[in-house]
Amino acid sequence: MILSDEPCCTVSSWTLLGEEPTINETTVCTYPEPWFPAKDTTPKPFVKTIAPSRALSQYTGVYNHIAYGDLVMSINHTVNFLQLDYGIGQWILYPTQGQDTFVGEAFGLLYRQWELYTELRFHMNTHSPVTIVIPDFEPMYPPVFVKTSRHAPANPGIVG
C-alpha cells in the first residue's frame, strides 16, 4: 500500500529521525570529500628498467606463512621478471632501487585491481633468500613468508 506519490527512495531514516543528512545531492558525487581527501586513483607507473640485485633464480621457490598459506615465486620467461602466484592472484615483480626489493603489477584475474606498490622485501641468509615480507597483504603486521622449497612447481595452479 503506497501512502504518497513520492518515490520511496527519497524517504530516509534521516528524514524520519528529523536529522539533516550528511551525504546529499552535492556531497554524494565528491565523497569522501569534504571529510577526507579523495585518493588518487590514477595507476602509478612501474619502473621496469631496474636490474635485480641478484639472479632471479635465487628468489624462486615456495614460501609459506602459517596463516596465509603458500605462495610461489617463479620466473616468467615471457617478460623475464619474477612472477608471484598467490591464490587467484598473479603479479609480475619489478626490482626497485633497494637491495632485494620489488613492487608488483597484477595480471590475470586481478589485473588493475590489486597492485603491490609497497616494496616486497626478501631477507637473505648468505646468498639465498629465506623469507619474503609483503606489506600490501597487511600493512599493520606484514606477513613474513618462509622459504620451504628452492624450486617452484612447473605449473603452480591456484596456491594460497
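The values are calculated or read from the model by the stated rules, or taken from the named source; none is laboratory data. On a predicted model such as this, the values are computed, not experimentally measured, just so you know. As a convention, Cβ positions derive from the backbone with ideal geometry for all residues, glycine included, and neighbour counts pool all protein chains shown.
Points worth noting:
The rows are residues; the columns are (1) crowded, with 17+ Cβ neighbours inside 10 Å; (2) modelled with pLDDT under 75; (3) touching a Ser or Thr at 6+ places or on another chain (Cβ under 7 Å); (4) assigned to a loop (DSSP other than H, G, I, E, B).
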| site | (1), (2), (3), (4) |
| --- | --- |
| Val130 | no, no, no, no |
| Asp136 | no, no, yes, no |
| Tyr141 | no, no, no, yes |
| Gly157 | no, yes, no, yes |
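Residue-by-condition table, conditions (1) touching a helix residue (DSSP H, G or I) at 6+ places or on another chain (Cβ under 7 Å); (2) at positive phi; (3) free of Cβ contacts under 8 Å to residues at least 40 places away in the same chain:
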| residue | (1), (2), (3) |
| --- | --- |
| Thr78 | no, no, yes |
| Leu93 | no, no, yes |
| Asp100 | no, yes, no |
| Phe107 | no, no, yes |
| Arg112 | no, yes, no |
| Leu120 | no, no, yes |
| His123 | no, no, yes |
| Thr131 | no, no, no |
| Pro143 | yes, no, no |
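- Condition check for Gln99: farther than 16 Å from Leu84 by Cα, of a type in the set (S, T, N, Q) and loosely packed, with under 14 Cβ neighbours inside 10 Å: yes
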